[in-house]
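Heads up: the structure comes next, in structure tokens.
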Amino acid sequence: MINHENNASLQKALSPFKENCKSIGFVPTMGALHKGHLSLVKQAIKENDCVVVSIFVNPTQFNKAQDLEKYPRNIDKDLALLKSIKGKIFVFSPQVSEIYNENISSKSYNYSGIENEMEGKHRPGHFDGVGTVLNILFRIVKPTKAYFGEKDFQQLQIVKKLVEIENLPVTVIGCPIIRESSGLAMSSRNKRLTPQELSEATLIHKTLIKVQQEFSALSILELNSFVKNEFKNNPFLTLEYFEITDVSTLKTAKTKKENTTYRAFIASFISGVRLIDNIALN
Ligand code: AMP
């Protein structure tokens, strides 16, 4: 497995696959890999002739400089983890200049309003940064299929819109959330938490499970106040948002409607680290 740090080297490695019309799976990541990322890579290997895993901490999707600075990075460990997986994997880990040249800025996207909900409200410009980098990476890798985790459910919907907007010939595949045995969704950001904080952070998934269990019995108003109380009573976690949304629009649901599929979302801070999670409700 070779780590390609520039586009030219990656193109050279991929050209035999492209010439022979082989399928290329693509898993874009920001590194600090864990089993959640690896599950995407394994699924991509099953479904394609080769897989490109990009490791790139994208500066334009961070709306806070400190968050970008503190984002965990460990390329050697990432490469060792990927080497342990059987299959034809190409790693692409470019420098910022390889992707953006001199112009580290985002293109502005209109994703039909999905970008204005939840993460979009709380992280201004985030999805423009995500769209910008993925548009560049998709044009470099030219994948047949690209794999994204439901852990970032809103991002998954954004990427599906992006490929429509940019007319990219790629199939976007959503993959299930991988969790610790405690239920906590795996995340590179978990690496910044102490054992006690990791244990407290399980409140996020526990609360989502309770919401799922009570979804048919309680109103959305009642579920909202239940979640607010759960977080108010925990001195470690601060709730940034709890939302129950219609999955097709990701707009906040105020009441339940028939023939509608709902999902619940939480964003919460624990000692300055922002964690997100979500769950299907019906
Ligand atoms: P990131 O490196 O955080 O940008 O994540 C890269 C990809 O891995 C994204 O598509 C994420 O949704 C996905 N991912 C991250 N954590 C998990 C997880 N716990 N389960 C499944 N997919 C995940």
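The values are calculated or read from the model by the stated rules, or taken from the named source; none is laboratory data. Remember, it's a predicted structure, so these values are computed and weren't measured experimentally. Note: ideal-geometry Cβ built from the backbone for every residue, glycine included; neighbour counts use all protein chains shown. To get the accessible areas, we keep the full protein, side chains included, count just its heavy atoms, and leave off ligands, DNA and RNA. Shrake-Rupley method; radii C 1.70, N 1.55, O 1.52, S 1.80 Å.
Open to solvent by 60 Å² or more (accessible area, probe 1.4 Å) and within 13 Å of the ligand (Cβ to nearest atom): which single residue out of 35, 70 fits that description? First the steps, then the outcome.
On the way: 70 fails: within 13 Å of the ligand (Cβ to nearest atom).
Only one candidate qualifies: 35.
Please give the number of the condition residue 162 fails out of (1) among the aliphatic types (A, V, I, L, M); (2) in contact with a helix residue (DSSP H, G or I) (Cβ under 7 Å, 6 or more places away or on another chain); (3) open to solvent by 10 Å² or more (accessible area, probe 1.4 Å).
Single failed check for residue 162: (3).
Please work out which one of (1) surrounded by fewer than 20 Cβ atoms within 10 Å (Cβ to Cβ); (2) among the charged types (D, E, K, R); (3) away from the ligand (no atom under 13 Å from the Cβ); (4) under 30 Å from residue 250 (Cα atoms) is the condition residue 49 fails and give its number.
(4)
With the checklist (1) without any contact (Cβ under 8 Å) to a residue 40 or more places away in the chain; (2) closer than 23 Å to residue 72 by Cα; (3) of a type in the set (Val, Ile, Thr) in hand, flag the one item residue 227 doesn't pass.
For residue 227, the failing item is (2).
Of all residues in segment 58-81, which are among the aliphatic types (A, V, I, L, M) and out of contact with any Leu (no Cβ under 7 Å at 6 or more places or on another chain)?
Within segment 58-81, 65, 68, 75, 79, 80 meet the criteria.
What is the residue count in segment 164-183 for residues that are in contact (Cβ under 8 Å) with a residue 24 or more places away in the chain, within 11 Å of the ligand (Cβ to nearest atom) and of a type outside the set (Val, Ile, Thr)?
4
Can you tell which of 239, 218, 223, 168 is part of a helix (DSSP H, G or I) and open to solvent by less than 70 Å² (accessible area, probe 1.4 Å)?
223
Of the numbered conditions (1) near the ligand (Cβ under 10 Å from one of its atoms); (2) out of contact with any Asp or Glu (no Cβ under 6 Å at 6 or more places or on another chain); (3) more than 15 Å from residue 130 (Cβ to Cβ), residue 56 satisfies every one except a single condition; which is it?
It is condition (3) that residue 56 fails.
Restricting the search to segment 124-163, which residues are more than 11 Å from the ligand (Cβ to nearest atom) and of a type in the set (S, T, N, Q)?
132, 135, 144, 157, listed by residue number.
Given 204, 177, which one is assigned to a loop (DSSP other than H, G, I, E, B), open to solvent by less than 50 Å² (accessible area, probe 1.4 Å) and within 24 Å of residue 158 (Cβ to Cβ)?
177
Looking at segment 86-125 only, could you name the residues that are within 30 Å of residue 247 (Cβ to Cβ), open to solvent by 70 Å² or more (accessible area, probe 1.4 Å) and basic (Lys, Arg)?
Across segment 86-125, the qualifying residues are 107, 121.
Considering every residue within segment 96-107, establish whether at least one is more than 22 Å from residue 62 (Cβ to Cβ), assigned to a helix (DSSP H, G or I) and more than 14 Å from the ligand (Cβ to nearest atom).
Among the residues of segment 96-107, not one is more than 22 Å from residue 62 (Cβ to Cβ), assigned to a helix (DSSP H, G or I) and more than 14 Å from the ligand (Cβ to nearest atom), which makes the answer no.
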